[in-house]
């Protein structure tokens, strides 16, 4: 009925299973991949024809997580999955990056890849599973694709690399790295590391590349049994080859001259003018300039790449290792908690750090469960940063990806939350861009956090490396320009401190690169990173001694767990009263940790004293300040420890005889009281008599303790009159109204 095939192998201590031919059979390629109990369905569909005049490859990768995969119902009003989460966007990009370079040059047919998470075992991250499945689906589909590719996650524990660590182990380890590639080499790397050396990072990439080779072999075996007939790719026509030759003849000289201009905007104007002149020349010859758009791009790449290989000089006149001029400034905004302006050549990031409390944490509802994130980094790329007018809207995939890359670079050096209990948000506004704005964001974020007083372990800097690779040689470029990124073969971004790498991201536009090239790129990146850190140190060498005056001060106190409900009160009444009265933000954890945030130290102290009063136990002999909350004939009730009340007996109100309690105190009076004991029910006994109400001093020695009353002290009351014989009680019972209660009645007698 259908061509079902299954391939399984042991990989990283778990079983990897690839199945095809059973589900989604109308897709060009469909593979369901299982790893542990994580299951992802991956499909690939291509359109057989391309749109006329289309000059780009319309590849779309959609990674989507279904709530049922974790046995959950989506939150929200509609109870169904909505727009992609940030995690889904990042994983879509992760799959796209190693796959895109493997389509034929000039292929313009629309291709859509969909990866749907059907089951999540909370141990194996679906991203690597989805990447393998998408590669397999493409390999089976017949769509032109120079794969397959595979991927692996690499951890680092106790000096050893670990293949596909569990999600918990990866987060706890010193390294979380995802690497993807083909049998020939590596195509993509994404990682977060705890200041690891270049040698360890290179070893991790090599370990991952070697580890996923059995997976590539399994995909090939799957394709041998179930692949569809490959699509036929048309060969370049004689007309196309002739047009390419004419474009080269009429355009090369003008474009080469335009690329001698070192200023970006002026260079773009000259390149545009050179293309316009070449197009006019083609039109004069009766050729269609519209068909030559892609050929002009190829000509630009050839001019720029060969000039670098021939002369060793780049578009702006630098050699391959020089970093553009850097200006680092901090404290730009007077009201912000921390701010910086980082400028490197024609790239500029304006970064602003804000400190908040636990109430400001980002709540994330993920398949693994709800959790809170206390560090947020938001990257914005407005169109004016490249001199354009464009649509402004919500962050796109590129902005989400660049922000997460910078987040990974900074995250390993943040202070522990229990040491610095703030929620951190950094916004990076890219105000100019000509190459590697994400690495400028890393530098600017590091400076803005230190300006805000955040005790980073060390400053972090980032640099983007490029590659020009031809048959006759290659050149690795430090601190690439936008044009070098666009026309080159590699985007290799490295961030870290003076002690090691914290993040590494690599994307290759060719089929692969060699370990030799990666080693050279890492070494040049280290030199560039140290240079940038030196320039940053001219603005700020470390974090400021304290947070800004405009930032909240957070005080931490701990109370016994059993006292938490006393602090919160019935329905939150007590904690709301404290917040309203002191204007503080108060976070209470289940372990009894209480964080009090306020920009006013006096208000914070008031809130702390209030809470201490609620949870404190009264001690005999200690003097407290309290308030009279009720008066009675026998004394006054005083509230003196939060919700704690005690009784000042009328005999302890003052020296001498007191006829009425209200002769001494009234409700609402502030008084000073001393704890003198507890009754047999644990109620607190207080005294005002032994406390100087003006100074609060203990005057027991001056006034003396009131002597206890002894038995027999009462005066003789004389002979009591005979009350007569009341008779047997059960023979006559009264109801209180004078009427007798009949014998046998079930109504109880008065007083029983």
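A quick yes/no check of all residues on (1) farther than 30 Å from residue 457 by Cβ; (2) under 31 Å from the mean Cα position of the chain (by Cα):
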{"site": "132", "(1), (2)": "yes, yes"}
{"site": "149", "(1), (2)": "yes, yes"}
{"site": "156", "(1), (2)": "no, yes"}
{"site": "166", "(1), (2)": "no, yes"}
{"site": "177", "(1), (2)": "no, yes"}
{"site": "186", "(1), (2)": "no, yes"}
{"site": "202", "(1), (2)": "no, yes"}
{"site": "213", "(1), (2)": "yes, no"}
{"site": "218", "(1), (2)": "yes, no"}
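If you check residue 245 against the conditions, is it without any contact (Cβ under 8 Å) to a residue 12 or more places away in the chain and either surrounded by fewer than 16 Cβ atoms within 10 Å (Cβ to Cβ) or out of contact with any strand residue (DSSP E or B) (no Cβ under 8 Å at 6 or more places or on another chain) (or both)?
Details: without any contact (Cβ under 8 Å) to a residue 12 or more places away in the chain: yes; either surrounded by fewer than 16 Cβ atoms within 10 Å (Cβ to Cβ) or out of contact with any strand residue (DSSP E or B) (no Cβ under 8 Å at 6 or more places or on another chain) (or both): yes.
Here the answer is yes, as residue 245 does meet what is asked.
Pick from 315, 327, 308: which is assigned to a strand (DSSP E or B) and either closer than 30 Å to residue 524 by Cβ or not assigned by TED's automatic domain parsing to the domain that holds residue 422 (or both)? First the steps, then the outcome.
Values: 315 fails: assigned to a strand (DSSP E or B); 308 fails: assigned to a strand (DSSP E or B).
Just a single option satisfies the conditions, and that option is 327.
Does the range 57-86 hold any residues that are in contact with a helix residue (DSSP H, G or I) (Cβ under 9 Å, 6 or more places away or on another chain) and touching a residue at least 40 places away in the same chain (Cβ under 8 Å), and which are they?
57, 59, 60, 61, 62, 63, 64, 65, 69, 75, 86
Got a sec? Which of 111, 61 is farther than 18 Å from residue 33 by Cα and modelled with pLDDT of 95 or more?
On the way: 61 fails: farther than 18 Å from residue 33 by Cα.
Within the list 111, 61, the selection yields 111.
Going through the range 255-286 one residue at a time, which ones are touching a residue at least 24 places away in the same chain (Cβ under 8 Å), over 46 Å from the mean Cα position of the chain (by Cα) and crowded, with 18+ Cβ neighbours inside 10 Å?
278, 282, listed by residue number.
In the range 1-22, how many residues are part of a loop (DSSP other than H, G, I, E, B) and at pLDDT 95 or above?
First, pick out the residues of the range 1-22 that are part of a loop (DSSP other than H, G, I, E, B): 1-4, 12-13, 21-22.
Narrowing the set further to residues that are at pLDDT 95 or above leaves none.
Qualifying residue count, the range 1-22: 0.
With in the same structural domain as residue 497 (by TED's automatic domain parsing) and in contact with a helix residue (DSSP H, G or I) (Cβ under 9 Å, 6 or more places away or on another chain) as the only criterion, which of 526, 544 stands out?
Values: 544 fails: in the same structural domain as residue 497 (by TED's automatic domain parsing).
Step by step, each of 526, 544 is checked, and only 526 is in the same structural domain as residue 497 (by TED's automatic domain parsing) and in contact with a helix residue (DSSP H, G or I) (Cβ under 9 Å, 6 or more places away or on another chain).
Could you please give the count of residues in the range 328-365 that are touching a residue at least 24 places away in the same chain (Cβ under 8 Å), more than 23 Å from residue 418 (Cβ to Cβ) and exposed (fewer than 15 other Cβ atoms within 10 Å of the Cβ)?
2
Quick one: which strands (runs of 3 or more DSSP E) lie wholly within the range 368-486 and hold at least 2 residues that are at pLDDT 95 or above and within 25 Å of the chain's Cα centre (by Cα)? Even if it seems obvious, please write down each step before you answer.
Details: elements: 369-373, 375-380, 423-432, 461-470, 473-478.
It comes to 375-380, 423-432, 461-470.
Please go through the range 593-625 and give me each residue that is in a strand (DSSP E or B) and in contact (Cβ under 8 Å) with a residue 60 or more places away in the chain, ordered by number.
Of the range 593-625, the ones in a strand (DSSP E or B) are 593-598, 623-625.
Residues satisfying the conditions are 595, 597, 623, 625.
Would you mind telling me which numbered condition in (1) in the same structural domain as residue 334 (by TED's automatic domain parsing); (2) part of a strand (DSSP E or B); (3) surrounded by fewer than 18 Cβ atoms within 10 Å (Cβ to Cβ) residue 510 fails?
(2)
Applying the selection to the range 538-571, what residues are within 30 Å of residue 334 (Cβ to Cβ) and more than 25 Å from the chain's Cα centre (by Cα)? Walk me through it before giving the result.
So in the range 538-571, the residues within 30 Å of residue 334 (Cβ to Cβ) come out as 538-556.
The answer is 538, 539, 540, 541, 545, 549.
The values are calculated or read from the model by the stated rules, or taken from the named source; none is laboratory data. Because the structure is predicted, anything quoted here is derived from the model rather than measured. We place every Cβ from the backbone using ideal geometry, glycine too, and count neighbours over all the protein chains shown.
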